[in-house]
Amino acid sequence: MTSTLSINDQQRLQLAPIAMPNRLLLGPGPSNAHPDVLQAMSTTPVGHLDPTFLALMDEIQSLLRYVWQTDNPLTIAVSGTGTAAMEATIANSVVSGDVVLVGVSGYFGNRLVDMAGRYGADVRTISKPWGQIFSLDDLRHALETHRPAILALVHAETSTGARQPLEGVGELCRQFGCLLLVDTVTSLGGVPIFLDAWGVDLAYSCSQKGLGCSPGASPFTMGVRAMEKLQNRSGKVPNWYLDMNLLGKYWGSDRVYHHTAPVNLYYGLREALRLIAEEGLANCWQRHQTHAEYLWESLQTLGLTLHVEREFRLPTLTTVRIPDGVDGKAIARQLLNDHNIEIGGGLGELAGKVWRIGLMGYNSRKESVDRLVAALKQVLPR
């Protein structure tokens, strides 16, 4: 049957093949991917139930357990950005009416508050100024006061550049009978993490920061205690796409179709994880720390002040206070336009007050720091 309707060509664009600038991505993410990762993502796709792809999924699971230092069976990559993995932890662990205690010391603590509330949690918060961390005494007092079902903490607060110590927190949570949920978005691959030793019950991350891949294939893991709660809940998980009862059958031995996985993104994630395993996790962590310290010293020679106390600074993300009288957005724009270098601005309480500089994954190299510092010397007021 021939249609009598005419085609509207108003939105038909005549375009040249895609051409994007070659930026040095030193903001809060994404970071530049290793050339081997980019090459892997250009590999011919296979089907998402192809035996060779299922074997690659198994490799991703094992390597994620390695970088997280966990033996959790349900350790997968969510098909979505880190925010999807964040929501997956909430969707699968929160039952309506649960008291969920969230440590808020930055932007992403507030996002956990928002998400948990949408799933019916009775959300309570413990707060610190942006850039500070919670002590074990702070957390013990909050657990005694609120008696939550879940304690949610951000290990690496992307908005502030602060690292929340987790040693002893899991043991504390077990004393009070609650689960420990941890955001490792800006720490996985670049900051020491020992999920099992620290007693973390749920964690999530992303692919585009310390792992050095493109966004869209986001690590997620559940421990035994969290799995027990999931299996014993009376109703369905109120999010079909992120329901780990269903996703576990796709990533597990059943291999039941759930969704069409982003095949080429998983190629990239597998390659990024392979490179970390080849380097060795301890070496990878040390590389991030070494180059972060080099960055800190270099910035201070320019007269710049760092926002977070040295003891709690992230090696993956550094917050730099914008000097008085300096237009932070104008400097960032000049770095981008004149030097092809991206850095980030502040969020929330730190908006207009700091720059955020990331040294993550493949970008954690001396030449990244040298190039940035040389550019800053040209654009900063003298």
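The values are calculated or read from the model by the stated rules, or taken from the named source; none is laboratory data. Source: prediction; values computed, not measured. Cβ atoms come from the backbone with ideal geometry, glycine included; neighbour counts cover every protein chain shown. Note: accessible area is taken over every heavy atom of the protein model, side chains too, but ligands, DNA and RNA are not part of it. Shrake-Rupley method; radii C 1.70, N 1.55, O 1.52, S 1.80 Å.
For segment 134-261, the spread of Cα coordinates along the three principal axes comes to 46, 39, 23 Å, biggest extent given first.
The number of Lys pairs in the chain with C-alpha atoms less than 27 Å apart, excluding pairs fewer than 8 positions apart on the same chain, is 15. If I model segment 1-113 as equal point scatterers sitting on the Cα atoms and use the Debye formula, what is log10 I(q)/I(0) at q = 0.20 Å⁻¹? For segment 1-113, the Cα-only Debye profile gives -1.33.
Once you reduce segment 144-214 and segment 215-244 to the center of their Cα atoms, the two points are 17 Å from each other.
Between ALA277 and GLN10, the C-beta separation translates, for a Förster distance of 35 Å, into a calculated FRET efficiency of about 0.10. Atom-type composition of the exposed protein surface of the chain places 51 percent of the accessible area on carbon and sulfur (1.4 angstrom probe).
Across LEU230, LEU306, LEU13, mean-square fluctuation computed from a Gaussian network of the chain (C-alpha pairs under 10 Å connected) peaks at LEU13. The trypsin sites (Lys or Arg not before Pro) of segment 249-345 meeting both criteria, a DSSP state outside H, G, I, E and B (loop) and at most 15 other C-beta atoms within 10 angstrom of the site's C-beta, are ARG255. Taking 0.36 nm per residue of separation and subtracting the Cα-Cα distance, full extension of the segment from ILE18 to LYS249 would add 79.4 nm. Choose one answer from ASN22, ASN239, ASN264: the residue with the largest mean-square fluctuation in a GNM of the chain with alpha-carbon springs under 10 Å. Highest fluctuation of the listed residues: ASN22.
Quick one, can you get me the convex hull of the C-alpha atoms of the chain expressed as volume per residue in Å³?
Working: hull volume 70.0 nm³, N = 382.
Expressed per residue, the convex hull around the Cα atoms of the chain is 183 Å³.
Pairs of Cα atoms nearer than 8 Å and 6+ residues apart set the relative contact order; for segment 204-306 it is 25 percent. Calculated accessible area for the chain comes out at 45 Å² per residue, all protein chains present (probe 1.4 Å; ligands, DNA, RNA ignored).
What separates the Cα centres of segment 315-382 and segment 100-128 is a distance of 29 Å. Its alpha carbons give segment 191-348 an Rg and a Dmax of 20.5, 61 Å.
Compute log10 of I(q)/I(0) for segment 275-373 with the Debye formula, placing one identical point scatterer on every Cα and leaving out solvent, at q = 0.15, 0.16, 0.19, 0.22 Å⁻¹, to two decimals. Normalising to I(0) and taking log10 leaves -0.62, -0.70, -0.95, -1.21. Around the Cα centre of the chain, unit charges on the Cβ atoms of Lys, Arg, Asp and Glu (plus for the first two, minus for the last two) sum to a dipole of about 560 debye. Counting Lys and Arg as +1 and Asp and Glu as -1 over every other residue whose Cβ lies under 12 Å from the Cβ of GLY328, the net charge comes to +3. Taking all protein chains together and rolling a 1.4 Å probe, SER135 ends up with roughly 50 Å² accessible.
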